[in-house]
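Read the structure below first, then the notes.
The values are calculated or read from the model by the stated rules, or taken from the named source; none is laboratory data. Computed from a predicted structure; not experimentally measured. Cβ coordinates were reconstructed from backbone atoms using ideal geometry, including for glycine residues, and neighbour counts include every protein chain displayed.
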Amino acid sequence: MQIVTKGVAGTMESSDIIVRIEPAEQKGIELTLTSAVMQQFGKQIEKVIRETLAELGVESAIVNAVDKGALDCTVAARVKAAAYRAAQCEDYTWRTKQ
Amino acid sequence: MKNIDLKKIPHISEITAQHGSFTGTPVKPKETFLERMGSKNKVVPSLEEAIRLSGLRDGMTISFHHHFRNGDYVVNMVVEQIAKMGIKNLTLAASSLTDIHAPLIEHIKNGVITHIETSGLRGKLAEEVSRGLMDFPIVFRSHGGRAAAIESGELHIDVAFLGAPSCDPYGNANGYNRDEENATCCGSLGYAKLDALHADKCVIITDHIVRFPNTPYGIPESNVDYVVKVDSIGDPKGIMSGATRFTKNPKELLIAKTAADVIEASGYFYDGFSMQMGSGGASLATARYLREKMIEKNIHARFALGGITGQIVEMHEEGLVDKILDVQSFDLIAANSLKNNRFHQQIDASVYASYLNRGAAVNELDFVVLSALEIDTDFNVNVMTGSDGVIRGAIGGHPDTAAGASLSIVVAPLTRGRIPTIVDKVNTIVTPGSVVDVVVTDQGVAVNPARPEIKELLEAAGLPVTTIEALRDRCTRIVGKPEPIKYKDRIVGVVMYRDNTVIDVIHEIDEE
């Protein structure tokens, strides 16, 4: 997935995360994360963001995330939505729980 | 005057060794009572003068109450004045401290305050303390523990500086004002009453001097040395709201409804029961659900204790609660009820919860509903430190009521955002699991294994009873496992159980 513009998803509400994704010139994910639960869950949130982007095949992007205590499922959902918007891609692959 | 030879009286040394024989009376007053009130009284012209007259010196202990909560101007005003007068190395013993007391940070840095005793700490001051602001650890006591420490002399108060919304020129002080409707108001002066009784010197700081006698009073003139009038003792908006907000949060309502069901099934819901509802959305809302059950079953309560809210007052006024024992009024409805209702009784911190006196009201409780930041699988409760290890709470009467009541119910959501409530080990033990009976969350109820009879009753009533371990596992499944908090070796706080033994310590946080 190629990031071509700026994409945002999420809110600043409690238990949510706002994720901004922008194109980057260099290869790699440049992640800035601030979180209300940085000390307790910072590493875990970063792991989920990086894994979700890898899953989507995003190889270069500037990612800015402000977390207000979102659960892992929320983090992944916001990252995906922001990435699709930043890639101007509407070809969603919906997955249903088996 | 008769010339009496004391030596001829048998056993005189045992009758009155020091007083000797009568030598005459002091000058009798001739002015009217009204004239006297204007001239011969305890009112001093300034706070500075009151501090000077109190004899406050380096190294002494000063005390304050927290009935003005986050609207309090008194602590900052007094410490500022003391700092100007160059007095240092003081112990500040407040019944509690909160966000508004952040200016104390400066006075700790400049050596005016070197020791602090309190029930709790919040905001900037709490954060700084957690980062190692003070050399001497803060001593945290419960409301009952503080009362016991004052009574035993473990906490000796040299000068008490007590804010009061009304006071007469002789020191009869009250938490409300009978002359003016819009005056500052805090209701009960429960914590201040005990300080006034035991302090060597007591200064009342008021914004309303009223005519003698300011009865019925919270603090009697016999306990008061000086009265100071200032422009403002606090911000009414920070002292209390009109009515305690009734939560609309569906999670809290579910918890409250379950807690009321637990009470109903527990065997402690009978005609003439006694109760206390802690502060916090869910515990306050429990009263609302309990009220419906009381009306439905035609059951009334003999008394409600504690921090009193409008909801308890409403139940008192409609005849569901016979009597109110009030150590601290939480809202204006409660404060007005104290002023107007004959059986809404103001009680001091000792009568409320001391373990050392000859009887405290917490020992007569059937049940108490309390909040928690964290509960562990041994049922220990933390209401003091946040999930990042920083101090952000207060012991209050938590351990006192949990220990005194036949049934202590702790209510909390299973998770707050991403923060787990049910954990393996709480950060700070405030109330030991041995006095915590039932934990009610939005996703199930756990009963302390020490109370199998309660578990049976709740199960028979069809309540969602599970184990504390199952609640913890559910918690972990939802939020994951948090990284452990990093602390330094240095101890910044000592947490006392209600008998003033050390139950836990709080370490400086390590932010590197």
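Only one residue in A:3, A:29 is in a loop (DSSP other than H, G, I, E, B), in contact (Cβ under 8 Å) with a residue 24 or more places away in the chain, among the hydrophobic types (A, V, I, L, M, F, W, C) and on the phi < 0 side of the Ramachandran plot, so which one is that? Even if it seems obvious, please write down each step before you answer.
Working: A:29 fails: in a loop (DSSP other than H, G, I, E, B).
Sole residue among the options that is in a loop (DSSP other than H, G, I, E, B), in contact (Cβ under 8 Å) with a residue 24 or more places away in the chain, among the hydrophobic types (A, V, I, L, M, F, W, C) and on the phi < 0 side of the Ramachandran plot: A:3.
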Quiz item: If we scan the stretch A:16-24, do we find a residue that is modelled with pLDDT of 95 or more and within 14 Å of chain B (Cβ to nearest Cβ)?
Solution: yes
Quiz item: Out of all the residues in the stretch B:217-230, is one or more closer than 26 Å to residue B:310 by Cβ, assigned to a loop (DSSP other than H, G, I, E, B) and without any contact (Cβ under 8 Å) to a residue 60 or more places away in the chain?
Solution: yes
Practice problem: Return a yes/no flag: does the stretch B:465-485 have any residue that is within 14 Å of chain A (Cβ to nearest Cβ), at negative phi, surrounded by fewer than 19 Cβ atoms within 10 Å (Cβ to Cβ) and of a type in the set (Ser, Thr, Tyr). | Solution: yes
Exercise. Only residues in the stretch A:58-71 that are within 14 Å of another protein chain (Cβ to nearest Cβ) count as the first member; pair them with residues that are buried (at least 22 other Cβ atoms within 10 Å of the Cβ) and part of a loop (DSSP other than H, G, I, E, B), Cβ under 7 angstrom, at least 6 apart or cross-chain, and list the lot.
Key: A:69/B:418; A:70/B:418; A:71/B:418
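If we keep just the residues of the stretch B:197-216 that are part of a loop (DSSP other than H, G, I, E, B) and touching a strand residue (DSSP E or B) at 6+ places or on another chain (Cβ under 9 Å), which is farthest from residue B:337 (Cα to Cα)? Outline the logic, then answer.
To start, the set of residues in the stretch B:197-216 that are part of a loop (DSSP other than H, G, I, E, B) comprises B:199-200, B:207-208, B:210-216.
Those still in the list that are touching a strand residue (DSSP E or B) at 6+ places or on another chain (Cβ under 9 Å) too: B:199-200, B:207-208, B:210, B:214-216.
Working: B:199: 29, B:200: 32, B:207: 22, B:208: 20, B:210: 20, B:214: 17, B:215: 15, B:216: 13 Å.
Selected residue: B:200.
Could you check the stretch B:158-174 and list, in sequence order, the residues that are surrounded by 24 or more Cβ atoms within 10 Å (Cβ to Cβ) and part of a loop (DSSP other than H, G, I, E, B)? Step through it out loud before you land on a result.
In the first step, residues of the stretch B:158-174 are kept if they are surrounded by 24 or more Cβ atoms within 10 Å (Cβ to Cβ); the result is B:159-168, B:171-174.
Those that are surrounded by 24 or more Cβ atoms within 10 Å (Cβ to Cβ) and part of a loop (DSSP other than H, G, I, E, B): B:165, B:168, B:171, B:172.
Would you point out which residue out of A:55, A:25, A:30, A:13 is closer than 30 Å to residue B:512 by Cβ, surrounded by fewer than 14 Cβ atoms within 10 Å (Cβ to Cβ) and among the acidic types (Asp, Glu)? Step through it out loud before you land on a result.
Numbers: A:55 fails: closer than 30 Å to residue B:512 by Cβ; A:25 fails: closer than 30 Å to residue B:512 by Cβ; A:13 fails: closer than 30 Å to residue B:512 by Cβ.
Every option except A:30 fails the conditions.
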Exercise. Take the stretch B:415-444 and flag every residue that is surrounded by fewer than 23 Cβ atoms within 10 Å (Cβ to Cβ), farther than 22 Å from residue A:40 by Cα and among the aliphatic types (A, V, I, L, M).
Key: B:435
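Keeping to the stretch B:387-423, report how many residues are in a loop (DSSP other than H, G, I, E, B) and away from chain A (no Cβ under 14 Å). If you could, list the steps in order and put the result at the bottom.
Here is the first cut: in the stretch B:387-423, the residues in a loop (DSSP other than H, G, I, E, B) are B:387-390, B:392, B:395-397, B:405-406, B:412-414, B:417-418, B:421.
Among the residues that remain, those that are also away from chain A (no Cβ under 14 Å) are: B:395-397, B:405-406, B:412.
Of the residues in that region, 6 qualify.
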